[in-house]
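Working notes for the structure below.
The values are calculated or read from the model by the stated rules, or taken from the named source; none is laboratory data. Computed from a predicted structure; not experimentally measured. Cβ sites come from the backbone with ideal geometry, for glycine too, and all protein chains shown count toward neighbours.
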Amino acid sequence: MESQIVTILIAIGLILYGLFKTGKLIQQMLKKSKGQSWQVSSAEVISKQVTKKISTRSGASYYPEIEYRYSVMGQRFEKTIRLAKNYSRQKAQEKVDNIGTTIEVRYNPNQPKEHVTEYDIVNYADILLIVIMLVLAGIMLYPYLTNFTL
């Protein structure tokens, strides 16, 4: 009985996390889509570097990181972004080296702080993760749902 409760709680956790990730992904896709019609500005690249992240499972991963700023009607905005994809150290350094001194920013004219860059990508691997989590949760809950009667 106790293992059944644990299984159900894990499945519910997977479903909730899958719904959370789905919401974030939809939000990101909508912002990227809306950004296509926003005003274009040039942002100054303040710094660019390779950051290292160490994981106990996968070891070291390297991410290009960009800090930039742009101005709209005299108001300055700054942001640091880490490119979504992890790279080998050499590939991450090549990516950083290919970033110029400016990048294109598309900002919301009604809220200039809200913006997208060419480096804001929709991570489609998240879709696969969401599907796997929901399928796994369904498999975990299936035996309990088939025996459930009102």
Checklist entry - Do we find a residue being among the aromatic types (Phe, Trp, Tyr), buried (at least 16 other Cβ atoms within 10 Å of the Cβ) and free of Cβ contacts under 8 Å to residues at least 60 places away in the same chain anywhere in segment 113-124? => result yes
Next on the checklist: Which numbered condition in (1) at pLDDT 90 or above; (2) crowded, with 16+ Cβ neighbours inside 10 Å is the only one that ALA92 fails?
Outcome noted: (1)
Checklist entry - Of the residues LYS24, LYS52, LYS48, which single one is touching a helix residue (DSSP H, G or I) at 6+ places or on another chain (Cβ under 9 Å), closer than 30 Å to ILE139 by Cβ and of a type outside the set (A, V, I, L, M)? => result LYS24
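Does SER55 qualify as being loosely packed, with under 11 Cβ neighbours inside 10 Å, in contact with a strand residue (DSSP E or B) (Cβ under 9 Å, 6 or more places away or on another chain) and of a type in the set (Ser, Thr, Tyr)?
For SER55, the condition - loosely packed, with under 11 Cβ neighbours inside 10 Å, in contact with a strand residue (DSSP E or B) (Cβ under 9 Å, 6 or more places away or on another chain) and of a type in the set (Ser, Thr, Tyr) - is met.
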Checklist entry - Given the conditions (1) assigned to a loop (DSSP other than H, G, I, E, B); (2) of a type outside the set (Ser, Thr, Tyr); (3) at pLDDT 85 or above, which single one is not true for VAL122? => result (3)
Checklist entry - Taking segment 58-79 as the region of interest, how many residues are closer than 24 Å to ASP126 by Cβ, polar (S, T, N, Q) and surrounded by 13 or more Cβ atoms within 10 Å (Cβ to Cβ)? => result 1
Next on the checklist: Please determine whether any residue of segment 36-50 is without any contact (Cβ under 8 Å) to a residue 40 or more places away in the chain, assigned to a strand (DSSP E or B) and within 26 Å of ILE127 (Cα to Cα).
Outcome noted: no
Checklist entry - Of the numbered conditions (1) more than 22 Å from SER33 (Cα to Cα); (2) surrounded by 15 or more Cβ atoms within 10 Å (Cβ to Cβ), ARG106 satisfies every one except a single condition; which is it? => result (1)
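Inspect segment 87-106 for any residue being in a strand (DSSP E or B) and free of Cβ contacts under 8 Å to residues at least 60 places away in the same chain and give the result as yes or no.
Initial filter on segment 87-106 (in a strand (DSSP E or B)): 87, 102-106.
The next check asks that each one be free of Cβ contacts under 8 Å to residues at least 60 places away in the same chain; those that pass are 87.
For segment 87-106, residues in a strand (DSSP E or B) and free of Cβ contacts under 8 Å to residues at least 60 places away in the same chain: present.
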